[in-house]
Structure formats: structure tokens, C-alpha cells
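Take a look at the structure below.
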Amino acid sequence: MIDLMEPQVISREAYHFIAEKVYEHSRIRLGDDKQALVSGRLAKRLRHLHLDSYDEYCAYLESARGTEEIGQLVDCISTNHTHFFREIEHLNFLRDVALPEWVPRLTRERETLKFWSAASSSGEEPYTVAIVLAEYARANGAFNWQIEGSDISSRILAKAQAAIYDESRIQLPQPEWLSRYFQKGTGDFVGQYKVKDILTQQVKFHRLNLLQAQYPVQPNQHVIFCRNVMIYFDTPTQQELVLKLVNQLAPGGYFVVGHSESLLGIKHPLTALKPGIYRKNP
Ligand SMILES: C[S@@+](CC[C@H](N)C(=O)[O-])C[C@H]1O[C@@H](n2cnc3c(N)ncnc32)[C@H](O)[C@@H]1O
């Protein structure tokens, strides 16, 4: 059946205008081949605003309501795909190398281990790390830790803060972690689980643009995960971002990017340790 409400094909001009707005606001670089993605993802937004074409949407972005709309636009365009225990080698590195190195020293100095999930999406990444840290504490003794998560999208951060996930989306290496760290939903929440307070109370979220001048997160982070977001940026933006994040790392801190990303072609002061894992000089 033809959807009579489906907006028209996106014009070249409208596409370039929208791509520029997205870049200005988020630095996400939409190449020349992303028309179908943009029109597909914005179709629902146009219907919501009762607009009939992408040209009308561009005019809306230029209107007084445009500033507010840009956040919605980036929300529609950005890819939030994530899952629990994604790219497990990085988590094993955390458990087997970074924590055994940091925790005894920080405990002696009565300091807190600080971890930042710099593009946290709907929260699976910071809560995964929270499980890894909590398990490490169970095996080796309690220590102080705190996780910060951040993302540009308010919509996705609201999901992260709610910390409620469909059962089918929670895949854990150890089945007993489900009852240890998640509360089973009842009534309206059947089929869903909520991350328990023992983890959520240690995880704080911020809305931020990774390219903004200053970050509201703690300085001297011991580990920063910036995974699966740099691929959406062009090289000058990646360069700028990496140096900003290195500034936010403690001496000897670890910086981790996604498996399909690397710092090749970027000037930085880090030592490469393993695929995607880098270290700032102590
Ligand atoms: C694909 S998800 C990655 C989630 C998680 N790090 C992982 O690897 O599973 C990318 C996230 O980056 C966020 N993002 C894109 N541009 C951003 C920017 N300029 N500042 C902050 N977050 C941004 C998106 O909203 C999205 O949630």
C-alpha cells in the first residue's frame, strides 16, 4: 500500500542544507551518499511537524523554532546502536590490565577510579563497565569508583537514565549477573529489566557535545571509552576530539576507541597498546 503521507524525495539543496546543519551542531559528517538514510530517518519527524516536504523542513530549521529543532534533527540522524558487553576485548583489558594496575594504588591513596563513557548512547556501555567494576570489587575487595556517561542526544540519555532494557537485549557473559545486577519488571514492565541501584547510583550522565569547549565531567579520568562515534567525524574533527579527550585523561590513563576505529593519521601523544587501546604517558 502506498503511504500517502510519505514526504517527497529529498532535493539536492535540501540534503546539503540539512547535512550542513547536522555538521555545525554535532560534527557528524554526512557524505554525499546518505540521502536515503536522511530522508528515511526524517520522514517521521516531518509527519510529526505536519510538513509536506524536506524544503519545508529546511524553512522550519531557519525559522524561530529552528534552534530547538536542531537537537531533534541530530537525534534522528545519529546512530545510537550499542549493546551490553560490546567489543569484549576492551572489557577484558579493563579487568585484566587496567584495574589490577589502578585499583591498589588508588585504594592506598584513598582515591576514586574514574571512568568516562564519552558516547554512552542508551547506557549499555557504562552499565556494562559498572558490572565489570562491581565484579572486580567482589573478587578483590571493595574500592571507590565512579562512572560518567555522556551523549549529545537528550532522547537517548533519557533512556540511559531510566536504565530499563528489554530482556532480549540483555546478553551477559555470566547468566547469574542478570539477577545480581538487574531487577525483573512486573505489571507494565513484564519482559523488561531495570539496572539495580547498586550500579545506577554510581553512574552519572551528562548531555554534551564532544566538540564543545569545556566538558562538565571530572578531570583526570583513569579510563575513557570513546567507542563507535569517531567514525562519524571527519579527520580534522577526530584530531581535535582526540586532543581534547587526552587532556581529560589522568597521566597513565587509558583511551579506548571502537574496533572499526583507530588513531591512524591523527597526531597524539598516546602509546598504542592493542587494537583500539592507547595509553597516556604516566
Ligand atoms: C553508535 S553509538 C556508540 C555507543 C557506544 N559507545 C558503543 O560503542 O556501543 C554513538 C553515539 O554517539 C553520539 N554522538 C554523536 N555525535 C556526538 C557528539 N558530537 N557529541 C556527543 N555524542 C555524540 C550519538 O548520539 C550516539 O549515541
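Model label sites at Asp52 and Ser179, defined 7 Å from Cα along the beta-carbon direction, differ in position by 6.0 nm. Our estimate of slack between Gln212 and Arg110, defined as 0.36 nm per intervening residue step minus the Cα-Cα distance, is 33.5 nm. In the structure shown, the pairs Lys34/Lys194; Lys114/Lys274; Lys44/Lys196; Lys44/Lys159; Lys204/Lys280 are assessed against 26 Å; a Cα-Cα span above that value is assigned to Lys34/Lys194; Lys44/Lys196. In segment 88-279, a dipole from Cβ-located charges (positive for Lys and Arg, negative for Asp and Glu) runs towards its positive end, and of Tyr193, Gly149, Pro104 it is Pro104 whose Cα lies farthest in that direction.
If R0 is 45 Å, the Cβ-Cβ spacing of Leu172 and Thr235 corresponds to a FRET efficiency of close to 0.80.
From the residues Ile231, Gln221, Ser26, which one has its Cα farthest along the dipole of the chain in the positive direction, the dipole being from +1 and -1 charges on Cβ of Lys/Arg and Asp/Glu about the Cα centre? The residue sitting most towards the positive pole is Gln221.
Legend: helices of the chain (whole DSSP H runs) are marked when their alpha-carbon atoms reach 15 angstrom or more along the helix axis and their mean Kyte-Doolittle hydropathy is at least -1.0; marked are 12-26, 35-48, 66-77, 124-140, 235-247. Distance between the modelled labels on His81 and Lys194, one decimal in nanometres: 3.1 nm (7 Å Cα→Cβ projection). Summarising the label geometry, the points placed 7 Å from Cα in the beta-carbon direction at Val9 and Asp32 lie 1.7 nm from one another. Overall dimensions of the chain, expressed as equivalent-ellipsoid semi-axes from the Cα gyration tensor (√(5λ), whole Å, largest first), are 36, 24, 15.
Each reported figure results from applying straightforward, stated rules to the coordinates on display, with no laboratory input. Here the structure is a predicted model, which means the values were calculated and not measured. So basically every Cβ, Gly included, is an ideal-geometry build from the backbone, and we count neighbours across all protein chains shown.
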